[in-house]
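Student: Here's a structure for you.
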Amino acid sequence: MKPVNYKYLFIFICCVSLLRCAKPSPKEKERTTEKSTSLYTDLDGNAVSLADFKGKRILLNFWATWCTPCLKEMPSLAKAQEILKDENYVFLFPTTDKLQKVTQFQKNSKHPFRFLLVTTSLDKLQIYALPATFIYDTNGKMAKRIDGATEWDSEEILSQLRAIK
């Protein structure tokens, strides 16, 4: 049997003690809990939940700054957002890109979108390719999923979006 190395045992006990003493303040704990339960944050770091838009139809378009099909469909998304602005629709644009990339993109693109940051991995949301769009009805149930780029301002797609209650 090997003798106990008290030096390593002492270091281990000190580390455990320090970790137990480092308790977050109530405010930090509240912020951590809020962010961990929300799948999205806005560009200011505030938690965003789809429940925040209760009673509205939601178009949730997952995209990335490096995704060519995502960027190609943005002008038609902007037009669809404008066309449906008085029809109880909210358009949200979550991405896993870093905040700095998204804010730079927002500044350069001038798209009138509400960009969000995703707080989890896309595979946990069952998204394996971009763009991916989820459309929710006014009860918060997913009514439609569209994978791949789409002409959002086409009459066919606008009719499908209007049909979702």
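We did not get these values from a lab; they are worked out from the coordinates using the rules stated. Since we're looking at a predicted model, the values are computed, not measured. Reconstructed Cβ throughout: ideal geometry from the backbone, glycine too, with neighbour counts over all protein chains shown.
Student: Return the Rg/Rh ratio of region 47-163 with Cα-based radii and a Kirkwood Rh.
Tutor: Checking Rg against Rh, the ratio lands at 0.93.
Student: Would you kindly derive the ³J(HN,Hα) couplings of region 86-99 from the backbone phi angles with the Karplus curve 6.51 cos²θ - 1.76 cosθ + 1.60 (θ = phi - 60°), listing them in order in whole Hz, with x for Gly and Pro?
Tutor: Per residue, the Karplus-derived 3J(HN,Hα) values read 9, 10, 6, 10, 10, 9, 10, 10, x, 8, 9, 4, 5, 3 Hz.
Student: How long is the gain from Thr119 to Ala163 if the chain were fully straight, where each residue apart is worth 0.36 nm and the alpha carbon distance is subtracted?
Tutor: 12.8 nm
Student: Still on this structure, I have one more. When only DSSP loop residues count, what chymotrypsin sites (Phe, Trp or Tyr not before Pro) in region 99-165 have their Cβ near at most 12 other Cβ atoms within 10 Å?
Tutor: Tyr128
Student: How large is ³J(HN,Hα) for each residue in region 76-85, as worked out from phi by the Karplus curve 6.51 cos²θ - 1.76 cosθ + 1.60 (θ = phi - 60°), to whole Hz, x for Gly and Pro?
Tutor: Going residue by residue, I get 6, 5, 4, 5, 4, 4, 5, 5, 9, 4 Hz, with x marking Gly and Pro.
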